[in-house]
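Participant: Let me give you the structure first, and then I'll get to my questions.
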Amino acid sequence: MPKYSVIVPIYNRPDEMAELLESLTLQTYKNFEVIVLEDNSPNKCDLIVESFKDRLDARYFFIPGTDRSYRRNYGMEQAKGEYFILFDSDCVIPSGYFDAVEAGLRAEPADCFGGPDNADDSFSDMQKAVNYSMTSFFTTGGIRGGAQQMEKFNPRSFNMGISRKAFEVTKGFRSMIGEDIDFSLRVRENGMETKLYRNAFVYHKRRVDLRRFFWQVNTFGKSRIVLTKAHPGSLKAVHTLPVFFVLGHVLLLLFSLRTPIWLLFIAFYVLLIFTDSWIKNKSLKIALLSVATAYTQLFGYGIGFLDEAFTGRASRKMKEQESMYKL
């Protein structure tokens, strides 16, 4: 019986699935199975999963017309493992990942755990810039598992471990945006622990340009309001920083129309991001791209947060989805 069951929902990304499965064949720890759950994709990955069955204990399920939460829950229902490991399809897993998880569980047992996301040397400059903006303390406050954190760690579904007990108690993921944070919060509300295992990182190979990145983080901003309604008291100061960033920049630009010296505040932040990224990535191009991705992230998130706070559209959609799945 495998100790771990890897759960991967996927839609129309066969090349990513091949990369992820290849990285799993290289794990030094072998006691795990892989469960792939696909929506109604134009380019299915069933044959790719089949091609790895001589090297991995892998199963494939085709479940059309479902969202990620439904497929993850279905995968965990089918799983044989003691723990479920959730990855996004655009992740590549370092060979020592499960060794790091084993060490983490021995040192700090938890029913829900996760690790950071990193950029591999093979990533494109844009991917490294996006990774910087998603993980830097100066953009996210370290809430994605970095060296510093401004809130209690909530494992995210791109790299999340769940005990069978946690799944049975919570009944799994709900159909909503921010479903992974919602799950982490419900784990703690039921008296169980969430932990960060810093060495259990993954390479998150986001395939995004600035436009798609904006809409991705815009959804994150909307989800924070949805989560606040679902879990009163869960909103922390760090979650509102992008909103103040957006409003602050609007005011600074207005003030600068009369007194240009206000632009120095914006210039200081740009220089801070540029310098920090340059030091970390050792690349002038990535540093310049990091300024663009940082502003895309903060404005996308802040605008999404304000949009949902005033319109409540995502919250209404969540209720409609819940009603649909009950039927």
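Quick note: the coordinates plus some simple rules give every number you see, no bench work behind them. For clarity, every value in this text was computed on a predicted model and none was experimentally measured. Cβ placement follows ideal geometry from the backbone for every residue including glycine, while neighbour counts extend to all protein chains displayed.
Participant: Quick check: the angle from helix 237-256's long axis to the longest principal axis of the chain, C-alpha only, nearest 10 degrees?
Facilitator: Tilt relative to the chain: about 30 degrees.
Participant: Given 0.36 nm per residue, what is the gain on full extension from Leu235 to Gln78 after removing their alpha carbon distance, in nm?
Facilitator: Extra length available between Leu235 and Gln78 comes to 53.1 nm.
Participant: Okay, helix-only estimate at 222 nm for the chain: each DSSP H run of n ≥ 4 adds -39500 (n - 2.57), divide by all residues, round to 500 deg cm²/dmol; what do you get?
Facilitator: Value at 222 nm, helices only: -17000 deg cm²/dmol.
Participant: While we're here: Taking the Cα centre of the chain as the origin and placing charges on Cβ (Lys, Arg +1; Asp, Glu -1), which of Ala237, Ala200, Pro116 is farthest toward the positive end of the dipole?
Facilitator: Ala237
Participant: Indicate, rounded to the nearest 5 percent, the antiparallel portion of the DSSP beta bridges found entirely in the chain.
Facilitator: 30
Participant: Roughly how many debye, to the nearest 20, is the charge dipole of the stretch 4-211 about its Cα centre, given +1 on each Lys and Arg Cβ, -1 on each Asp and Glu Cβ, and no other charges?
Facilitator: About 420 debye.
Participant: For the chain, modelled as a Gaussian network with Cα springs under 10 Å, which listed residue fluctuates most, Ala237, Ala18, Ala58?
Facilitator: Ala237
Participant: Spin-label point model (7 Å from Cα, Cβ direction): what's the Ala107 to Ser122 distance in nm?
Facilitator: Placing both labels 7 Å beyond Cα along the Cβ direction yields 2.8 nm.
Participant: Okay, moving on. Give the angle, between 0 and 90 degrees and rounded to the nearest 10, that separates the Cα long axis of helix 125-135 from the longest principal axis of the Cα atoms of the chain.
Facilitator: Around 90 degrees separate the two axes.
Participant: Taking R0 as 45 Å, what's the FRET efficiency between Ala309 and Asp54 from their Cβ-Cβ distance, rounded to 0.05?
Facilitator: The value I calculate is 0.30.
Participant: Counting residues in the stretch 234-293 as N, plug N into 2.2 N^0.38 Å and put the Cα Rg over that result.
Facilitator: 1.35
Participant: Cα axis of helix 14-25 to longest principal axis of the chain: angle in degrees, 0 to 90, nearest 10?
Facilitator: 70
Participant: Expressed as a rounded percentage, what relative contact order does the chain have, with Cα pairs under 8 Å and six or more residues apart?
Facilitator: Result for the chain is 18 percent.
Participant: May I ask you to evaluate 6.51 cos²θ - 1.76 cosθ + 1.60, the Karplus curve with θ = phi - 60°, for each residue of the stretch 257-266 and list the ³J(HN,Hα) values in order in whole Hz, giving x for glycine and proline?
Facilitator: Ordered by residue, 3J(HN,Hα) equals 5, 9, 9, x, 4, 4, 5, 5, 5, 5 Hz.
Participant: A further question follows. Report ³J(HN,Hα) in whole Hz for each residue of the stretch 300-309, in order, from the Karplus equation J = 6.51 cos²θ - 1.76 cosθ + 1.60 where θ = phi - 60°; Gly and Pro get x.
Facilitator: Each residue's phi maps through the Karplus curve to give x, 5, x, 5, x, 4, 5, 4, 5, 4 Hz.
Participant: Still on this structure: State the Cα centre-to-centre distance between the stretch 1-61 and the stretch 161-221 in whole Å.
Facilitator: 20
Participant: Apply the Karplus curve 6.51 cos²θ - 1.76 cosθ + 1.60, θ = phi - 60°, to the phi angles in the stretch 76-84 and return the couplings in whole Hz, x for Gly and Pro.
Facilitator: 5, 5, 7, 5, 9, x, 7, 10, 9
Participant: For the stretch 218-326, what is Rg from Cα atoms divided by 2.2 N^0.38 Å, rounded to two decimals?
Facilitator: This ratio for the stretch 218-326 stands at 1.35.
Participant: Going out from 0 in 10 Å bins, what whole percent of all Cα-Cα distances in the stretch 1-92 drops into each bin?
Facilitator: Whole-percent P(r) values from 0 Å outward: 18, 56, 25, 1.
Participant: If you don't mind, another one. Would you mind checking which residues have amide H under 5 Å from Ile7's amide H? H placed 1.01 Å from N; only 5 or more apart, or other chain.
Facilitator: Distant-sequence amide H within range of Ile7: Ile35, Ile85, Leu86, Phe87.
Participant: Still on this model: Give the Rg/Rh ratio for the chain, taking Rg as the radius of gyration of the Cα atoms and Rh as the Kirkwood radius, to two decimals.
Facilitator: Rg divided by Rh gives 0.97.
Participant: Net charge within 12 Å of Arg59 by Cβ-Cβ distance, Lys/Arg positive one each and Asp/Glu negative one each, not counting Arg59 itself?
Facilitator: -3
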